[in-house]
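Here the structure comes first, spelled out in structure tokens, and everything after it is commentary.
Readers should treat all values here as calculations from the given coordinates under stated rules, not as data from a laboratory. Model, not experiment: these values are computed from the prediction. Every residue, glycine among them, receives a Cβ derived from its backbone with ideal geometry; neighbour counts consider all protein chains shown.
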Amino acid sequence: MEAERDPGTSTGGRSRLPRYWFAERLLSVLSGHRPVHWMLGHTIGHAYEQLVRLAPGAPLSTNGLRPVLRHCDEYVPQPGVIEAFARITAGEQVRAMAFRLEQGPDLRWRCAAVELGGERLMAGV
């Protein structure tokens, strides 16, 4: 009998976890591979406007190499809140990204804050 796998351990399964879904989207926007409006409706507060200001600089872009999400983990400080961190690589370069997700009354997750390389983007700030 084959052992059951955690749905979050496979590449296909991990994309269904909110932290990975948002990490991939944020990575695509902040590396310049997707337009910032791709996050419209997936952010709350001032997070979208802050992404609009940050994205044109493509802070996660690298010298021609497409960045890859290697790992993402989470801490749940209270129900309906996920504080996540991601390890991103491009060649030998390793970058980090942290973000906060909040679950609304409609049970949908939305990005409330993003932090990378010292840049802090928080909803409501």
A correct Karplus calculation of ³J(HN,Hα) over segment 95-102, with 6.51 cos²θ - 1.76 cosθ + 1.60, θ = phi - 60°, whole Hz and x for Gly and Pro, returns 10, 10, 9, 10, 8, 10, 10, 10
Packing-wise, with mean Cβ within 10 Å as the measure, how do 19-26, 30-37 rank, highest first?
-> 19-26, 30-37
Could you go through segment 24-41 in sequence order and give the Karplus-derived ³J(HN,Hα) for each residue, using 6.51 cos²θ - 1.76 cosθ + 1.60 with θ = phi - 60°, rounded to whole Hz, and x for Gly and Pro?
-> 5, 5, 4, 4, 4, 6, 7, 9, x, 8, 9, x, 4, 5, 4, 8, 4, x
